[in-house]
Amino acid sequence: MLKARKKVLFTLIGIFILSTSLFIYEILVTRLFSTMLLKHLVFFTISLAILGIGVGGFIVYKSKEKFQYENLSILLGLLYIGAVVMIYKLPYIEMLAFYILVSSLPFVIGGMILSLVFLKNNKISNKLYFADLLGSTLGSILIIPLMNSFGFIKTLFIISSLALISSLMFSLSSNLKKNRTVIIGILAMIIALIFEGSFLDSLELNFTAYFTSPITVIDHLNKKKDSEVKVLYTKWDSISRTDVVDGSQYEKVIITDGGASAPMLKFDGDLEKVGYLRGEIEFLPFSIGNNDDTLIIGSGGGKDILLALLGGSKNIDAVEINPSTVDAANKFKDFNGDIYNQKGVNAYIDDGRNFIEKTDKKYNNIYLSMVMTNSVNNGGLSMSENYIYTKEAYGTYFEHLKDDGYLSFMFHDAQDMFKGINTGIEVLLDMGIKREDIPNHFVVVNNITLDKAEEHKNYIDMPIVVFKKQPFTIEEIQNINNSTKIQNRVVENIPQTVYRDEYYRYSKGEIELSDIYKGIPFNTVPSIDNKPFFFDYGKGIPLTLLTLLAIMVLASWIIYKRIRESEIYKSSLYFGAIGLGFMLIEIPLIQKSMLFLGNPTKSFSYILFSLLLSCGIGSYFSNKKIFNIKIKHRQIIFVIIPILTILLQMVIPLMIDKYRIIEDSFKLLILAGLLFPLGFFLGMAFPKGITKLNLNKQEKHIPLMWGINGIMSVTGSVLALIISMKVGFTAANLAGGLVYLSIFIFDY
């Protein structure tokens, strides 16, 4: 009896540690691809790579148990390093299939191990699933301190160590002594490399794929300059990879995740030496009127702070979400004049939306210059979007403006310009501004100069858009006209001077806003908090998501067609449904909760921690009699889950409004308490399915069910993103609730 208990204990510890490593690996490869691939390709690549977990189950099912999970765990530890280092050190390869295949190998082995453990220990499936979820829970919270303390490569070697430790636990549970010496030897070498440090530090700096990727800022700068760009500083933490490179004698560039760049200008404290900035379009919002109190959201390398100082700002609140950006600026303070510590400058590491909702200050100028999400995507199946460009965000900005204050934006191009203007117009209308007065409440100036206007025709490049709650005064209009004439810019909209035709016609009642939206060839409908995808410009479903969905549907169709007439068909529907439903609930719920907690990276980690922990506890208690109440042989939990899902849709918005300004620790406790009941019952579904297989003498099919559940989980993540983008998070959550209700109705 004692030996049996020890075996179970070592198996549970092995699963716990292995799941921790597998979850962190998912985050690491997402961070890896975020630096070298386009955003939509990151989601595509990781989604297909994670399919490997399901594929692992199918391999085990077809192999008739030829593999031992004790040996596979050793292979997993080595594959973590092998797969990532191969991607890391090879020059960029323009073949996405290569990155999908290589990054998926650890997922395949991980899926094989997990399905084998469940197969060979099916009598304790509730405890196994508890350990599995608890491991993922630890991974979700551990990734932040690991990345912040050790960086990318050392974190990779740490999870390799975890996989080897899990193998050691499995060998203790099965009494396979011959493996232990090998495991301990490899483990000792990896740990020695981690603590020795210099070799791994050197490896991290020499990221060949990143430096040769054609989509990075570094590649762009290399093509512009005769000599190769020199990287002066690198930091890779849980938020992003941050590099500083030389731009010119007077400028250095801070690069975030390869694609977002922020200039850092040479400055010695004498504003007149940077007076040339008055000739740049970014200065226009600061040339209109009073800028005494300024809020800069996304202050980057400090250029926007210089613009505000030149515009006469006395008090500047500079908010930057990425601490590494501020660290980089402080690292080069001798070059940039210690910009974040200039007189009157107050630096805050925070999400812009979260900051402004917690402050009671009012500003003369709130300025956002090409701000994008700089937070970690946090997982291939999560959605990287924030809430700074939604209608609700605009409303908050207007509330924090003084009566004569300006809400100023610098956009990238026509797509975000039109969407930004339309958002501002809808919010102004909601504030009571009459439609006939709308064109008098905003200014639009194109970065294109008049001498190049004919050459570029109607091209929009880095436009400035400025809104006011009150109509622009004659003096302000004159200041704008003077500045645009000096800079020789193309004016798109200035009150009493030039009006954009579509908005002028709207003000005259000739067309409606809906006509403007339809007439523009891309999506410019304002984003809202329930659907905050500002940078989604497609009018249909993005091709990447359609392709992913088609792949998932085809794979599912092939599998279900082959088992259509078998005895396990109903079980396969059950495991597929809980995989689909879980992701439809989990992913949008996490994203909605991020608005409440603020910082996207920490929010993702803490929310997932709360949800997975409650799921794990639910799994552990799933076999208790009290949680096996049935109605006509149907489990009642599949009615409870949809009810709790609906209740959360009503409670979370109320909670966000009521408790938005309290301390983050209290927010986390409130949210954890709200999510616990739903997570508790969600966690019961998988072990209950395994128990049913055991009762029906179908335990040999557990790896197949694992594979089906894995494939449908990825399908659910894709559907969650599609529904959230086109209908909203609430609709995606309700769709997940309906999937669980269908299990009850149709008794899969």
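Some observations on this one:
- Hey, residue 641 closer than 16 Å to residue 743 by Cβ and free of Cβ contacts under 8 Å to residues at least 24 places away in the same chain or not: no
- Residues satisfying the stated conditions in the range 53-102, i.e. of a type in the set (D, E, K, R) and either in a helix (DSSP H, G or I) or not assigned by TED's automatic domain parsing to the domain that holds residue 185 (or both): 62, 70, 89
- Meets criteria (surrounded by fewer than 24 Cβ atoms within 10 Å (Cβ to Cβ) and modelled with pLDDT of 90 or more) for residue 12: yes
- Index of the failed condition, residue 253 passing every other in (1) assigned to a loop (DSSP other than H, G, I, E, B); (2) touching a residue at least 40 places away in the same chain (Cβ under 8 Å); (3) surrounded by 20 or more Cβ atoms within 10 Å (Cβ to Cβ); (4) touching an Asp or Glu at 6+ places or on another chain (Cβ under 9 Å): (1)
- Qualifying residue in the range 103-115 (condition: without any contact (Cβ under 8 Å) to a residue 40 or more places away in the chain and farther than 18 Å from residue 164 by Cβ): no
- Residue match in the range 466-478 (condition: at pLDDT 95 or above, touching a Pro at 6+ places or on another chain (Cβ under 7 Å), more than 26 Å from residue 391 (Cβ to Cβ) and crowded, with 18+ Cβ neighbours inside 10 Å): yes
- Annotation: residue 421 fulfils all but one of (1) surrounded by fewer than 18 Cβ atoms within 10 Å (Cβ to Cβ); (2) within 24 Å of residue 535 (Cα to Cα); (3) aliphatic (A, V, I, L, M); the unmet one is (1).
- Qualifying residue in the range 664-673 (condition: closer than 23 Å to residue 530 by Cβ and of a type in the set (D, E, K, R)): yes
- For residue 443, the criteria (1) surrounded by 16 or more Cβ atoms within 10 Å (Cβ to Cβ); (2) not in a strand (DSSP E or B) hold in every case but one, which is (2).
- Cβ separations smaller than 7 Å between residues 6+ apart or across chains give the following pairs from the range 646-660 residues that are touching a residue at least 24 places away in the same chain (Cβ under 8 Å) and part of a helix (DSSP H, G or I) to residues that are of a type in the set (Phe, Trp, Tyr) and crowded, with 16+ Cβ neighbours inside 10 Å: 655/596; 656/596.
- Enumerated helices (runs of 4 or more DSSP H) restricted to the range 265-348, each holding at least 3 residues that are under 27 Å from residue 602 (Cα atoms) and under 27 Å from the mean Cα position of the chain (by Cα): 323-331
- Single residue of the range 373-405 satisfying the filter (in contact with a Phe, Trp or Tyr (Cβ under 7 Å, 6 or more places away or on another chain) and at pLDDT below 95) that is nearest to residue 239 (Cα to Cα): 378
- Considered as a group, the residues in the range 692-732 that are of a type in the set (Ser, Thr, Tyr) and more than 15 Å from residue 530 (Cβ to Cβ) include one that is surrounded by the most Cβ atoms within 10 Å (Cβ to Cβ), and that residue is 717.
- Screening residue 41 on (1) buried (at least 24 other Cβ atoms within 10 Å of the Cβ); (2) modelled with pLDDT under 95 shows it passes everything except condition (1).
- Test: residue in the range 204-220 that is closer than 30 Å to residue 467 by Cα and touching a strand residue (DSSP E or B) at 6+ places or on another chain (Cβ under 6 Å): no
- If the condition is being of a type in the set (D, E, K, R) and either surrounded by fewer than 19 Cβ atoms within 10 Å (Cβ to Cβ) or under 19 Å from residue 208 (Cβ atoms) (or both), then the range 68-103 contributes 89, 94.
- Within the range 608-636, residues that are of a type in the set (D, E, K, R) have Cβ atoms under 6 Å from residues that are buried (at least 19 other Cβ atoms within 10 Å of the Cβ) in these pairs: 634/744, counting only partners at least 6 apart in sequence or on another chain.
The values are calculated or read from the model by the stated rules, or taken from the named source; none is laboratory data. Computed from a predicted model, the values in this text were never measured in an experiment. Backbone-built Cβ (ideal geometry, glycine too); neighbour counts: all protein chains shown.
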